[in-house]
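The next block holds one structure in the form of structure tokens; read it before the comments.
The values are calculated or read from the model by the stated rules, or taken from the named source; none is laboratory data. Keep in mind it's a predicted model, so treat the numbers as computed, not measured. Backbone-built Cβ (ideal geometry, glycine too); neighbour counts: all protein chains shown. Side chains included, ligands, DNA and RNA excluded: accessible areas come from the protein's heavy atoms. Shrake-Rupley method; radii C 1.70, N 1.55, O 1.52, S 1.80 Å.
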Amino acid sequence: MQTNHTPSIFVAGHQGMVGSAIVRRLQTLGYTNIITRTRVELDLLDQAAVHAFFQQTPIDQVYLAAAKVGGILANNTYPAEFIHQNLVIEANIIHAAHMAGVQKLLFLGSSCIYPRHADQPMKEECLLTGALEPTNEPYAIAKIAGIKLCESYNRQYGCDFRSVMPTNLYGPGDNFHPENSHVIPALLRRFHEAVQRKDETVTVWGSGRPRREFLHVDDLADACVFVMNLPQKEYQAETQPMLSHINVGTGTDLSIANLSEMIAHVVGFKGRIVFDPGMPDGTPRKLLDVSKLTRMGWKAGTPLKEGLAQTYAWFLEHLRHWPDQIRSGSC
């Protein structure tokens, strides 16, 4: 898809895994007027600064990819930061975009918005039908609020603010921190270090039974640009004013045990995998129903094995550039 019109596009969170993938995709498609700001240049937690930025900068579209994210341990350790920072960031940007007359905005949420025991695969309609997973409830509440902010501005002011809910993401630019990373980067790093130390076993948190769906971040970026540029009538044909978000995923899942075996193969670990049932499993299963997005005309294109190999190659390429405490796992 090549665009003839080059809108002014602000990608919030462009240095993160998702934001950087969106920038790459936009550039590949020929968009040239892409606006980014580092945290030093624009603190998204500062309401006055965000408002001034939007008033002073001509912007047609916003990809709201900025967020505080992390795995189970980080969510359990910093629940106040996860709910507060995410609420503030999305409220500041969405309101400022409206006040500045921004034409279109795409808010990125997470599949953790759905109830812990939602029917599988999870349809968009199951939002707010049950209790959330306790380990990431504050983050999920913030993301639900982001959806409702978009819907409320659409209903009251006639905005065209849309929301996509991606499944578990991985890929280049992921966070490989030894404590605060998600499952794929955490396991890639753990198995890599086991190979380097010549360990005979690797311990994986939990029972290995929970099932997860994984989407390559470049596929998500492609889906985001696709949804942003859908004609409004086509988007509204698959959504409702108060149920307007769209799931983004692959439509397939696998167990953490199977994922661990796949990662061990990619990294070259030949030893034994041990599961620790004393550590939290999180939600038993998280598989998205992606039939709405499929009907709209989009499907994921990166097989998991191929994506894991690409991500591990990125990890190896960038490992030597990280600070010593992150590289050694001492922080």
Among the residues listed as GLY251, GLY297, the single one being over 30 Å from THR203 (Cβ atoms), in contact (Cβ under 8 Å) with a residue 40 or more places away in the chain, within 22 Å of the chain's Cα centre (by Cα) and open to solvent by 50 Å² or more (accessible area, probe 1.4 Å): GLY297
Filter result for ALA223 (of a type in the set (Gly, Ala, Ser) and under 21 Å from VAL11 (Cα atoms)): yes
Pair list, Cβ under 6 Å, 6 or more apart: region 62-82 residue under 20 Å from ARG39 (Cα atoms) and among the β-branched types (Val, Ile, Thr), other residue at pLDDT 85 or above and in a loop (DSSP other than H, G, I, E, B): VAL62/VAL102
Conditions (1) open to solvent by 20 Å² or more (accessible area, probe 1.4 Å); (2) among the β-branched types (Val, Ile, Thr); (3) in a loop (DSSP other than H, G, I, E, B); number of the one not met by ILE59: (1)
ARG39, sole failed condition from (1) in contact (Cβ under 8 Å) with a residue 40 or more places away in the chain; (2) of a type in the set (Lys, Arg); (3) not in a helix (DSSP H, G or I): (1)
Count of region 62-93 residues which are surrounded by fewer than 23 Cβ atoms within 10 Å (Cβ to Cβ) and closer than 20 Å to ASP160 by Cβ: 1
Wholly enclosed strands (runs of 3 or more DSSP E) of region 107-212 bearing at least 3 residues open to solvent by less than 30 Å² (accessible area, probe 1.4 Å): 160-166
Exclusive hit being under 28 Å from ALA49 (Cβ atoms), part of a helix (DSSP H, G or I) and modelled with pLDDT under 95, set ASN75, ASN86: ASN75
Those residues of region 267-290 which are without any contact (Cβ under 8 Å) to a residue 24 or more places away in the chain and not charged (D, E, K, R), in sequence order: GLY278
For ARG24: the one exception among (1) within 24 Å of HIS95 (Cβ to Cβ); (2) touching an Asp or Glu at 6+ places or on another chain (Cβ under 8 Å): (1)
Selected residue (criterion: nearest to PRO277 (Cα to Cα)) from residues of region 231-248 that are open to solvent by less than 10 Å² (accessible area, probe 1.4 Å) and of a type in the set (A, V, I, L, M): VAL248
Which numbered condition LYS270 fails, given (1) within 24 Å of ARG189 (Cα to Cα); (2) open to solvent by less than 40 Å² (accessible area, probe 1.4 Å): (2)
Qualifying residue in region 15-37 (condition: more than 30 Å from ASP281 (Cα to Cα), surrounded by fewer than 21 Cβ atoms within 10 Å (Cβ to Cβ), touching a helix residue (DSSP H, G or I) at 6+ places or on another chain (Cβ under 9 Å) and aromatic (Phe, Trp, Tyr)): yes
